[in-house]
């Protein structure tokens, strides 16, 4: 069942989210500075171990030096260069905490030590807020392709989404590289309605994988996810700057308009 759209609260609950291209976005929450999937390398061709190569078509809107300090990176997964590239890996070394998949937590521990933690489904960490109180970040289900997780993960790997909550704070959902509306339903059942949903979209496809089906939400699925979540604000990411993303800004605008959700969509 879809979550009902929230009627309480005000527009100040819709936190500003800055999108820099690909899956990389920044927001402040509870006095902490969060960054998603850091990708700042130049356009060009990049190998993806165990999968097809990827082509980046546009640079990020800023450089890591322009970003300023980051308190927490929310990393949907570490295995693909369109979610974590060379510049992103360098940035992680200066960030106090990176949250990612359980497997990614193990892989990155060699370079990051205790500054990385993997989160399983519904596993949470509490982060101290400046001035007192806590932000809770919970790992939520995500599936990087169509079908059952146990069938998808051996091909495209493990991914994780995140929900951020705190006393007096809006609820924020970051989907990660998720293609499963069932995973969205599971999250909405526990946390919906959400105030801000950062949805990875773009319908990335490869002919050799899953018969060309999207491995992350397409535009219509993103609109459906917004309904399921009861999201008051939707910020799409992961729909530009890479050649394998097959749906872009115009597709998202059309899908959200057709779903009657144009007023929820926030595109920079």
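The values are calculated or read from the model by the stated rules, or taken from the named source; none is laboratory data. Remember, it's a predicted structure, so these values are computed and weren't measured experimentally. Positions of Cβ are generated from backbone atoms using ideal geometry, with glycine treated the same way; all protein chains shown enter the neighbour counts.
Just a few scattered comments:
- In the stretch 220-250, residue surrounded by the most Cβ atoms within 10 Å (Cβ to Cβ) [restricted to those that are without any contact (Cβ under 8 Å) to a residue 40 or more places away in the chain and over 15 Å from the mean Cα position of the chain (by Cα)]: 223
- Any hit, the stretch 257-268, residues being out of contact with any strand residue (DSSP E or B) (no Cβ under 7 Å at 6 or more places or on another chain), outside any loop (DSSP other than H, G, I, E, B), under 27 Å from residue 45 (Cβ atoms) and touching a residue at least 24 places away in the same chain (Cβ under 8 Å): no
- Among residues of the stretch 153-178 that are free of Cβ contacts under 8 Å to residues at least 12 places away in the same chain, those with a Cβ under 8 angstrom from a residue that is in a loop (DSSP other than H, G, I, E, B) and crowded, with 20+ Cβ neighbours inside 10 Å, sequence gap 6+ or separate chain, pair up as 153/143; 153/144.
- Of all residues making up the stretch 198-214, the number that are within 15 Å of the chain's Cα centre (by Cα) and at pLDDT below 95: 0
- Tally of residues being over 14 Å from residue 254 (Cβ atoms), outside any strand (DSSP E or B) and out of contact with any helix residue (DSSP H, G or I) (no Cβ under 6 Å at 6 or more places or on another chain) across the stretch 194-214: 11
- Tally, over the stretch 135-152, of residues that are touching a residue at least 40 places away in the same chain (Cβ under 8 Å) and either more than 17 Å from residue 76 (Cβ to Cβ) or in contact with a helix residue (DSSP H, G or I) (Cβ under 7 Å, 6 or more places away or on another chain) (or both): 9
- Hits in the stretch 149-167 (condition: assigned to a loop (DSSP other than H, G, I, E, B) and either at pLDDT 95 or above or crowded, with 23+ Cβ neighbours inside 10 Å (or both)): 158, 159, 160, 166, 167
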